């Protein structure tokens, strides 16, 4: 079934994002290091550490990756259930879209954003199919 292929494609792209994430984090870390080196004046270390923690949390996509994986699994489980589940699949696909969008907005890393676009394309095809089924 095409739904399964699309969900698997999104899962495969998510795996590529997971594999790429350490490089993205290292890039963020390097930009921060360079920014700190460029600071000529003495900075308040406590304040700097607070800002650093905030900055890193702002770009952390761990929760989104986990939730997207759970939504993909739930979509397949709902697809396999005997219940009438067209609307449920629609709701799950909306949640998948939210996680994909959040990964894209938080990633701040062009190679990852390209993968996000691919996931959005797959999800859009799932949504189009759902409209035909409902």
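The values are calculated or read from the model by the stated rules, or taken from the named source; none is laboratory data. On a predicted model such as this, the values are computed, not experimentally measured, just so you know. Don't worry about glycine lacking a Cβ; one is built from the backbone with ideal geometry, like all the others, and counts go over all protein chains shown.
Checking the stretch 84-104 against the condition returns no match, with no residue being touching a helix residue (DSSP H, G or I) at 6+ places or on another chain (Cβ under 8 Å), part of a loop (DSSP other than H, G, I, E, B) and surrounded by fewer than 16 Cβ atoms within 10 Å (Cβ to Cβ).
In the stretch 117-134, the condition of being exposed (fewer than 12 other Cβ atoms within 10 Å of the Cβ), closer than 23 Å to residue 3 by Cβ, out of contact with any helix residue (DSSP H, G or I) (no Cβ under 8 Å at 6 or more places or on another chain) and in contact (Cβ under 8 Å) with a residue 40 or more places away in the chain is met by no residue. State yes or no: is residue 34 exposed (fewer than 13 other Cβ atoms within 10 Å of the Cβ), out of contact with any strand residue (DSSP E or B) (no Cβ under 7 Å at 6 or more places or on another chain), assigned to a helix (DSSP H, G or I) and touching a residue at least 40 places away in the same chain (Cβ under 8 Å)? In short, no.
Residue 12: at pLDDT 80 or above and exposed (fewer than 15 other Cβ atoms within 10 Å of the Cβ), yes or no? Criteria met by residue 12.
Return a yes/no flag: does the stretch 51-65 have any residue that is in contact with a helix residue (DSSP H, G or I) (Cβ under 7 Å, 6 or more places away or on another chain), on the phi < 0 side of the Ramachandran plot, surrounded by 13 or more Cβ atoms within 10 Å (Cβ to Cβ) and not in a helix (DSSP H, G or I). Scanning the stretch 51-65, I find at least one residue that is in contact with a helix residue (DSSP H, G or I) (Cβ under 7 Å, 6 or more places away or on another chain), on the phi < 0 side of the Ramachandran plot, surrounded by 13 or more Cβ atoms within 10 Å (Cβ to Cβ) and not in a helix (DSSP H, G or I), so the answer is yes. Inspection of the stretch 33-52 identifies at least one residue that is at pLDDT below 80 and closer than 27 Å to residue 101 by Cβ.
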